[in-house]
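Worksheet: one structure, shown below.
The values are calculated or read from the model by the stated rules, or taken from the named source; none is laboratory data. This structure is a prediction, so every number in the text was calculated from the model and none was measured. Here Cβ is always computed from backbone atoms with ideal geometry, including for glycine, and neighbour counts include all displayed protein chains. The area values use the complete protein model at the heavy-atom level, side chains included, leaving out ligands, DNA and RNA. Shrake-Rupley method; radii C 1.70, N 1.55, O 1.52, S 1.80 Å.
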Amino acid sequence: MKKRYAVLGIALTAALALTGCTAGGSTAQNGNGVSGEPVKGGTLHVLQNADFSHLDPTMGFDGGVNNMYRLIYRTLTTQSTGEGAEGTEMVPDLATDLGTPNADATEWTFTLKDDIFFEDGSPITSADVKFGVERAFDPALAIGSPYARILLAGADDYQGPYISGDMPAIQTPDDKTIVFSLSKPFADFASAVGQNVFVPFPADGDVTATSVDQQPIASGPYRVESYQRGSELVLVRNEHWDPKTDEVRKAYPDSFVWTFGLDSSTVDERMIAGQGDDKDAIAGSVQAASIPRIQTDEIKERTISGIQGCTTYLGLNTTKEVMSDPLVRQAISYAVDKVSVQSGTGGTLLADVANTMLPPTVAGQTEFNLYQSDDDKGDPEKAKSLLTEAGYPDGIEFTMDIRNQPKMQAQAEAVQQSLAKAGITVNFNLIDTSTYYEVIGTTTQQNDAAITGWCPDWATGATFLPPLFEGSQIYEKGNSNIAQLNDPGVNSRITEINAMTDVDEANKAWGALDEQILELAPAVPLLFEKTVMVVGSNIAGAYSHAGFSGGIDYVSVGLASVPE
Amino acid sequence: MSTAPSQLAIEVDTVGASPGGGAPTPARRVISTLRRSPAVVLSVAYIVAVVLLAALAPVLASITGWGPYTYDPEAINADLGGIPIGPLGGISAEHWFGVEPQNGRDIFARIAQGAQVSLLIAVSATLVTTVVGVVLGMVAGFYGGWADQVISRVMDFLMAFPALIFMIALLSALPAGNRPALLVIVLSIFGWPYVARVIRGQTMSLKNREFVEAARASGAGNWRIVSREVLPNLRGTIIVLATLAVPGYIGTEAGLSFLGVGVMPPTPSWGQMIASAVGWYTVDPMFFLIPGTFLFLTVLSFTVFGDHLQKALDAGDAA
């Protein structure tokens, strides 16, 4: 299960941007500028640092690539468009509605719309959707969104259509109807089928396990015209996509061109200069060092910002002796100077201080602050007295896993410095960026603490709190419960909430559980990071989508004017 | 940032090629030659200043009131990406060299602390490589035979290695531990053959000189010949090699820290400061210029001093 920060790092440096919304607030846009209505046509350029992980939607799984998938692929449901919570609401896509559950929500029936086609003109049937989902179980492809594997009945023994053949948990009584049998009740299945493992592929075609990653088969408004890994991706219109069947995708430009492999500071320079084709370009969040340079009126007018919808937090490994005492963890929660962590990340424009685990974009998030200090600058005195109470009058010492990357290092140093004031000595274990998640996700290798991040897979607590704090989700490898919290009260509450059939009620319960968990202080929420993006002067309809790590929503953006 | 040892090797070859022996040059004459050169005087003055800066880092920090790790949120503008407040990167009476963006740490304190780290590593690596290089070089040169074969092949092997790449790989793979010590070890592993090769050549030519023959004829043992006859004649070469090695190691350590495999954060190092300043060069050029200037002048001073020392010693030989 992923979507943590590394992924995000790539998505962000690379791609795009942002969101607006609630707490993050948005800076500058006005009237007919970047938020105006785009026109049809033209070529929109995207400047990006790193290439997308995969073109096969069963494999790619991060905010940046999910955003791009919406241009090529359609799913049964998808996120809406618009800033903030408006954008993360689930709406029907290929399906006519959000699905019909049986009484206990273990069986879900969807009906497909009419006039939906693949890029070769063949109609999309329920068998194609079934085949697309089945592919996601293939061992070679099962690195993307895990929800089909988690939720569908019989998933444990099924290895995809190429090895195991037909999957009985998915039934297609006719060409328009598809029925999913789940292994347990799941009230929010309408959100799960918006994941990219629910993209249809022609069941009778020549789709192999690896062919999609090479040559995607489009169901959305664009198809891949050419792709050179690491340098360029060109999308052009898919003539067989019917806009009348699609209320989400506006698909303004005639084509999208990604340029990969640009240095982040080169991207910033080009976006700030905004000359030539770069007038029609968008890019990901600027670096902190570029913030002072985008304060002119001209650039402010084409700057958008928003929160990523993710939480950066300090996970405390509760299995380590020093961290096993909740008083110690609470002391750390009091002592951390979140403002200096914020400054190290790039200041107020690039991050908000977080006091809850759930980010404000998540439905049901409640505001609370269990460990208050003046201006969030940390309370070393309170921390010292808690440590004394815990039996450590002389302070403690622990080791924090950190990543060899400037921003992550700055955050770690800020935490180290603020804890030092409370008599807590933090030693660093510097880990190479490429192996960071492997190390902290391996229970035998992780140290006492680590700074990491989490983004929900859709905007509810269901994809946020259980992976991070449920006792049954502690795995020896690929572990995301890095606090290794296994608290009976939290575990039983998670089970109760998962069984709720009313999604709204469940969302509120997740918000309350957030507070219940933080009373145990298994993690210190640090920041809700934001993206600040400069777009070209000819860009319109750009806003930051909270469901895609704050990236600019590709299906809504376009050009303000197109030359004849 | 090439590893200076390779350049060093070339210069050192010329030393090795020069007539090796001769009586030890009177130190006083060398010093008076050096004192006549303004470049040397300036270099030495600068080196002394940096050494004082490094040695007095804690004292200076207590005078200014800003340690190398103390954050100063008042000195940066968190609403503008954390850029230092004030001109020239926040240079003020309080922060003499300004502050780092995003955290407000005092650059003067970090430069001083960084000088300590850099000099300590470079001087330690020089000591280790010189001792190892001189001992192994003399053994190879004096005894010849299989000892020479083994030592020379090991030197060839190490010198043929892509040292920088291997250092990066080694330092990334090793556990964190004591970084400065690890750096000294890694620098020394790849550094000693450059000393040993020169010493070996000079020892080979010295051992056939008349005064060695004379000592041998008068019944001196090997140890006595090596310590009383050969080593004193290598003194000038060793001093020059060591002086020229220091800037090489300072540069290499800065390079490794720049690449993120040097000393661990938050311990400051000039290379690390330069690396973190790269992104800020347009909005805060001083952050880049200050550690860059210190690094440049330090390497330059040691090199100028070493060059002139070599010339003065050679002139002594020729006289």
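In table form, for the structure just shown:
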item: Single condition A:I272 does not satisfy, out of (1) open to solvent by 20 Å² or more (accessible area, probe 1.4 Å); (2) more than 14 Å from chain B (Cβ to nearest Cβ); (3) out of contact with any Pro (no Cβ under 7 Å at 6 or more places or on another chain); (4) in contact (Cβ under 8 Å) with a residue 60 or more places away in the chain; result: (2)
item: Selected residue (only one of B:T70, B:T64 is in contact with a Lys or Arg (Cβ under 8 Å, 6 or more places away or on another chain) and of a type in the set (S, T, N, Q)); result: B:T70
item: Options B:I111, B:I151: the member that is of a type outside the set (S, T, Y), in a helix (DSSP H, G or I), at pLDDT 90 or above and farther than 30 Å from B:N222 by Cβ; result: B:I111
item: Filter result (of a type in the set (D, E, K, R) and modelled with pLDDT of 90 or more) within the range A:335-376; result: A:D337, A:K338, A:D352, A:E367
item: Tally, over the range A:52-79, of residues that are over 16 Å from A:I143 (Cβ atoms) and open to solvent by 20 Å² or more (accessible area, probe 1.4 Å); result: 1
item: In the range A:281-324, residue farthest from the other protein chains (Cβ to nearest Cβ) [restricted to those that are open to solvent by 40 Å² or more (accessible area, probe 1.4 Å) and under 26 Å from A:G461 (Cα atoms)]; result: A:S324
item: The lone exception for B:V41 - which of (1) in contact with a Phe, Trp or Tyr (Cβ under 6 Å, 6 or more places away or on another chain); (2) of a type outside the set (K, R); (3) open to solvent by 20 Å² or more (accessible area, probe 1.4 Å) it fails; result: (1)
item: Residues of the range B:272-319 that turn out to be more than 14 Å from every other protein chain (Cβ to nearest Cβ) and modelled with pLDDT of 85 or more, as a count; result: 24
item: Residues located in the range B:54-88, provided they are small (G, A, S), within 14 Å of chain A (Cβ to nearest Cβ) and more than 29 Å from the chain's Cα centre (by Cα); result: B:A75, B:A78, B:G81, B:G82, B:G86
item: Which listed residue is open to solvent by 50 Å² or more (accessible area, probe 1.4 Å) and either basic (K, R) or more than 24 Å from A:E397 (Cβ to Cβ) (or both), from A:G478, A:G511; result: A:G478
item: Yes/no for B:P232 being out of contact with any helix residue (DSSP H, G or I) (no Cβ under 7 Å at 6 or more places or on another chain) and in contact (Cβ under 8 Å) with a residue 40 or more places away in the chain; result: yes
item: Residues located in the range A:360-375, provided they are of a type in the set (V, I, T) and buried (at least 22 other Cβ atoms within 10 Å of the Cβ); result: A:T361, A:V362
item: Condition check for B:V51: more than 14 Å from chain A (Cβ to nearest Cβ), surrounded by 16 or more Cβ atoms within 10 Å (Cβ to Cβ) and under 18 Å from the mean Cα position of the chain (by Cα); result: no
item: The range A:174-205 - residue that is small (G, A, S) and over 23 Å from the mean Cα position of the chain (by Cα) and, of those, farthest from A:Y158 (Cα to Cα); result: A:G205
item: Residues (aliphatic (A, V, I, L, M) and within 14 Å of chain A (Cβ to nearest Cβ)) located in the range B:96-131; result: B:V99, B:A109
item: Hits in the range A:526-564 (condition: on the phi > 0 side of the Ramachandran plot and crowded, with 24+ Cβ neighbours inside 10 Å); result: A:S549, A:G550
item: Residue check for B:I91: open to solvent by 20 Å² or more (accessible area, probe 1.4 Å), within 14 Å of chain A (Cβ to nearest Cβ), at negative phi and over 20 Å from the mean Cα position of the chain (by Cα); result: no
item: Exclusive hit being within 14 Å of chain B (Cβ to nearest Cβ), surrounded by fewer than 24 Cβ atoms within 10 Å (Cβ to Cβ) and on the phi < 0 side of the Ramachandran plot, set A:V353, A:V341; result: A:V353
item: Pair list, Cβ under 9 Å, 6 or more apart: the range B:62-78 residue touching a residue at least 24 places away in the same chain (Cβ under 8 Å) and more than 13 Å from B:F108 (Cβ to Cβ), other residue open to solvent by 50 Å² or more (accessible area, probe 1.4 Å) and of a type in the set (G, A, S); result: B:Y69/A:A420
item: Close pairs from the range A:380-391: first farther than 10 Å from A:Q330 by Cβ and modelled with pLDDT of 90 or more, partner in a loop (DSSP other than H, G, I, E, B) and open to solvent by 80 Å² or more (accessible area, probe 1.4 Å), Cβ under 6 Å, at least 6 apart; result: A:P380/A:K421
item: Every residue from the range B:267-311 that is in a loop (DSSP other than H, G, I, E, B) and surrounded by fewer than 20 Cβ atoms within 10 Å (Cβ to Cβ); result: B:T267, B:Y281, B:T282, B:V283
item: The range A:246-287: number of residues that are of a type in the set (V, I, T) and assigned to a strand (DSSP E or B); result: 3
item: Unique residue being over 19 Å from the mean Cα position of the chain (by Cα) and closer than 30 Å to A:E301 by Cβ when the list is A:V524, A:V503, A:V535, A:V490; result: A:V535
item: Residue count for the range B:102-127, restricted to those that are within 12 Å of the chain's Cα centre (by Cα) and surrounded by fewer than 24 Cβ atoms within 10 Å (Cβ to Cβ); result: 5
item: Test result for B:E253, among the acidic types (D, E) and in contact (Cβ under 8 Å) with a residue 60 or more places away in the chain; result: yes
item: Evaluation of A:A383 against (1) of a type in the set (A, V, I, L, M, F, W, C); (2) within 14 Å of another protein chain (Cβ to nearest Cβ); (3) in contact with a strand residue (DSSP E or B) (Cβ under 9 Å, 6 or more places away or on another chain) (one fails), failing number; result: (2)
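Every residue, every condition in (1) open to solvent by less than 40 Å² (accessible area, probe 1.4 Å); (2) within 24 Å of the chain's Cα centre (by Cα), yes or no:
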{"site": "A:V207", "(1), (2)": "yes, no"}
{"site": "A:S211", "(1), (2)": "yes, no"}
{"site": "A:Q215", "(1), (2)": "no, no"}
{"site": "A:Y227", "(1), (2)": "no, no"}
{"site": "A:R237", "(1), (2)": "no, no"}
{"site": "A:D246", "(1), (2)": "yes, yes"}
{"site": "A:A251", "(1), (2)": "yes, yes"}
{"site": "A:V257", "(1), (2)": "yes, yes"}
{"site": "A:L262", "(1), (2)": "yes, yes"}
